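Here is the structure we will look at.
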Amino acid sequence: MLCYSIDLGEGGFSHVYMVYKEGIGILAAKVIPYKEFSFSEFHVGFEHTKDGSNPFVLKYIESFQTGDFAVILMEYSNMK
């Protein structure tokens with residue numbers, strides 16, 4: 001369960017929120033309207049980054065669908 005969220009910004013077809021998940025801590029949640037979400041594109045990206053060898057790509061935690069949205073949880077990086 002995600003406990004709170006702070007809107008971090010939006011892109012062309014998604015919003016990103018800072019969220020807290022018990023047992024893990026602070027994460028970034030990318031929320032995409034399901035009609036805009038491409039599972040095949042996501043899977044290709046995941047396969048290229050799952051080993052965590054690229055220091056410029058945020059670590060994937062998990063993904064799920066809720067209502068009309070796909071949610072991708074990844075590590076949070078404060079770049080300010």
Pairs returned, first residue in the stretch 6-23 that is more than 18 Å from Glu36 (Cα to Cα) and touching a residue at least 40 places away in the same chain (Cβ under 8 Å), second residue that is aromatic (Phe, Trp, Tyr) and assigned to a loop (DSSP other than H, G, I, E, B), beta-carbon separation under 9 angstrom, 6 or more apart or interchain, are Met18/Tyr76; Val19/Tyr76
Restricting attention to the stretch 1-24, which residues are of a type outside the set (A, V, I, L, M) and under 19 Å from Phe42 (Cα atoms)? Glu10, Gly11, Gly12, Phe13, Ser14, His15, Tyr17
Which condition from (1) touching a Phe, Trp or Tyr at 6+ places or on another chain (Cβ under 7 Å); (2) surrounded by 10 or more Cβ atoms within 10 Å (Cβ to Cβ); (3) of a type in the set (A, V, I, L, M, F, W, C) is the one that Cys3 breaks? (2)
Subset of the stretch 59-79 (residues that are part of a loop (DSSP other than H, G, I, E, B) and under 15 Å from Phe37 (Cβ atoms)): Gly67, Asp68
Do the conditions hold for Tyr76, that is, is it surrounded by 10 or more Cβ atoms within 10 Å (Cβ to Cβ) and in contact (Cβ under 8 Å) with a residue 40 or more places away in the chain? yes
Say whether the condition of being of a type in the set (Lys, Arg) and modelled with pLDDT of 85 or more is met by at least one residue in the stretch 37-55. no
If I go through the stretch 24-56 residue by residue, how many of them are among the polar types (S, T, N, Q) and touching a residue at least 24 places away in the same chain (Cβ under 8 Å)? 0
Scan the stretch 55-70 residue by residue and report those that are exposed (fewer than 10 other Cβ atoms within 10 Å of the Cβ) and farther than 19 Å from Phe13 by Cα. Pro55, Phe56
Quick check: is even one residue across the stretch 71-79 over 15 Å from Leu2 (Cα atoms) and at pLDDT below 80? yes
Restricting attention to the stretch 6-46, and to residues there that are crowded, with 16+ Cβ neighbours inside 10 Å and among the small types (Gly, Ala, Ser), which single residue is nearest to Phe69 (Cα to Cα)? Ser14
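The values are calculated or read from the model by the stated rules, or taken from the named source; none is laboratory data. Just so it is clear, the structure is predicted and the values come from calculations on it, not from any experiment. Ideal geometry is used to build each Cβ from the backbone, glycine not excepted, and the neighbour counts take in all protein chains shown.
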